[in-house]
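Quick notes on the structure that follows.
The values are calculated or read from the model by the stated rules, or taken from the named source; none is laboratory data. None of these values were measured; they are calculated from a predicted model. Here Cβ is always computed from backbone atoms with ideal geometry, including for glycine, and neighbour counts include all displayed protein chains. The accessibility values were calculated without ligands, DNA or RNA, using every heavy atom of the protein model including side chains. Shrake-Rupley method; radii C 1.70, N 1.55, O 1.52, S 1.80 Å.
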Amino acid sequence: MKEVKVGICGLGTVGVGTFNVLARNAELIAGRAGCRIRVLRAASRRLRPGVELGDVPFSDDVFSIARDPDIDVVVELIGGYDVARELVLTAIENGKHVVTANKALIAVHGNEIFEAAAEKGVIVAFEAAVAGGIPVVKAVREGMSANRIDWIAGIINGTGNYILTEMRAGRDFKDVLREAQALGYAEADPTFDIEGIDAAHKLTILASAAFGVPLQFDRAYTEGISGITPFDIAHAEALGYRIKHLGITRRRDQGIELRVHPTLVPASHLIAQVDGVLNAVLVDGDAVGQTMYHGPGAGAEATASSVIADLVDVARAVMSGTHKSVPYLGFEPDAVDNLPVLPVDEIFSAYYLRIQVQDHPGVLAKVATILSDSGINIESIMQKEFEEQNGTIPIIMLTHTVQERQIDRAIAELEALPDIVGKVVRIRTEHFNH
Ligand code: HSE
């Protein structure tokens, strides 16, 4: 049987998972690919104790794989921006196809990498970069190619979702983060998970595949989950909502929204039930309507599942001798739309507001007047007398959808009132219906 020769660069969680699944399911995968996918070599900065590579030679020099004339496909699983970029560009320069799970690399350097790959006529595949084991890149880029996609919203960071899920059960933020790290879900720098950077990498890629716009990670808006308190989780629940860390991208006439932030979602919506390390991505297309893709967003073999699916695609192309793949981001170069990313104050959203006020007559009327003068419609309001402490009490409100600029102005006016204590807490709210 013919074979396609692969070099695996990076033997961390995903590298080892890929190696193991390729070995375990070799026959099955060969049956699908039409050839054997053979790991010819593996390289990593160091070999973790306990990692067994059988008779596959190991090297601590990943660049030697990118230059090896016997290798057809370089699998980049080292992560990070700089070395990974150099490695992938070297592999392309040497005429190799590339499979990567590196969302940071694609989101930040993808435009450059795809240009280089197009010149060389090689494939760069990155299914594992978005939502781990869920084949959502394929779904958006190929499965939905008939549609005008209007928006995508998703839980696309497993670590963050795991933390928020456990916090609902009353556990401490730091304890849960340590556990997520031990389970191999978190990034090398876990602030990427907590502050929404990892999710923004993935969302940037999805937005480009959905709307045909260039990758614009540097313009994504990110807000993390470290400020979410058990108090807000409980009050959101009382109003019929859960707090999730969502990535949302939406096409508007003037540009696209590209944002990651904590978000109240209706507790009755399917996405509210997505707990733990699981991810879910909602995609709205004009022909198909709303679709949702759900599954493990991180983890060794779940991510390996996507890496190997890409390897099968590459192997088929190599076997057929065409090397012609689906366009990297789903659109031919002359169809790319240069829509910019909108500044965050131009997005439209509903809001949860928590306003700590002096507990005396007329304060609620003043708050309501500011909101109404700002054109903000209140959807619901909650105040509980037993939450009064030292003469102050929280008012919780949900607003209808407005432009963020309007809510920012109203909050500045509210915070200037002598009856308001401290800062107004504001969390965006999403109903998935516009
Ligand atoms: N740190 C990422 C997550 C890994 O928690 O989702 C998968 O990209």
Long-range neighbours under 6 Å by Cβ, at least six apart or interchain, first residue closer than 20 Å to Gly422 by Cβ within segment 375-393, second in a strand (DSSP E or B) = Ile381/Met397; Met382/Ile396; Gln383/Ile395; Glu387/Ile393; Glu387/Pro394; Thr392/Gln356; Thr392/Gln358
Pairs, first on the phi > 0 side of the Ramachandran plot in segment 89-114, second open to solvent by 10 Å² or more (accessible area, probe 1.4 Å) and in a helix (DSSP H, G or I), C-beta under 9 Å, six or more apart = Gly95/Lys120
Taking into account only those residues within segment 9-31 that are of a type in the set (A, V, I, L, M) and touching a Ser or Thr at 6+ places or on another chain (Cβ under 6 Å), which is most open to solvent (accessible area, probe 1.4 Å)?
-> Val14
Can you confirm whether segment 176-195 contains a residue that is at pLDDT 95 or above, in contact with a helix residue (DSSP H, G or I) (Cβ under 8 Å, 6 or more places away or on another chain) and crowded, with 24+ Cβ neighbours inside 10 Å?
-> yes
Pick from segment 63-121 the residues that are in a helix (DSSP H, G or I) and of a type in the set (Ser, Thr, Tyr): which of them is surrounded by the fewest Cβ atoms within 10 Å (Cβ to Cβ)?
-> Ser64
Helices (runs of 4 or more DSSP H) lying entirely in segment 138-203 (those with 1 or more residues that are away from the ligand (no atom under 12 Å from the Cβ) and of a type outside the set (Val, Ile, Thr)) | 158-168, 173-182
Go through (1) modelled with pLDDT of 95 or more; (2) over 18 Å from Ala315 (Cβ atoms); (3) in a loop (DSSP other than H, G, I, E, B) and name the single condition Arg45 misses.
-> (1)
Note down all Cβ pairs under 7 Å where the first residue falls in segment 189-211 and is acidic (Asp, Glu), the second is more than 10 Å from the ligand (Cβ to nearest atom) and open to solvent by 10 Å² or more (accessible area, probe 1.4 Å), and they're at least six residues apart or on different chains.
-> Glu195/Thr222; Glu195/Gly224
For segment 255-264, indicate whether the set of residues that are of a type in the set (Asp, Glu) and surrounded by 22 or more Cβ atoms within 10 Å (Cβ to Cβ) is non-empty.
-> yes
So which strands (runs of 3 or more DSSP E) are wholly in segment 297-414 and hold at least 1 residues that are open to solvent by 50 Å² or more (accessible area, probe 1.4 Å)?
-> 348-358, 378-382
Free of Cβ contacts under 8 Å to residues at least 12 places away in the same chain, open to solvent by 40 Å² or more (accessible area, probe 1.4 Å) and in the same structural domain as Ala146 (by TED's automatic domain parsing) - does that describe any residue in segment 270-285?
-> yes
Listed residues Gly133, Gly158, Gly154; which is closer than 28 Å to Ile8 by Cα, open to solvent by less than 10 Å² (accessible area, probe 1.4 Å) and touching a Gly at 6+ places or on another chain (Cβ under 9 Å)?
-> Gly158
Residue check, Phe126 against (1) open to solvent by 10 Å² or more (accessible area, probe 1.4 Å); (2) in contact (Cβ under 8 Å) with a residue 40 or more places away in the chain; (3) assigned by TED's automatic domain parsing to the domain that holds Leu311, all met but one. Which one?
-> (1)
Considering only segment 51-88, how many residues are of a type in the set (Ser, Thr, Tyr) and touching a residue at least 24 places away in the same chain (Cβ under 8 Å)?
-> 1
Qualifying residue in segment 215-224 (condition: hydroxyl-bearing (Ser, Thr, Tyr), open to solvent by less than 10 Å² (accessible area, probe 1.4 Å) and at pLDDT 95 or above) = no
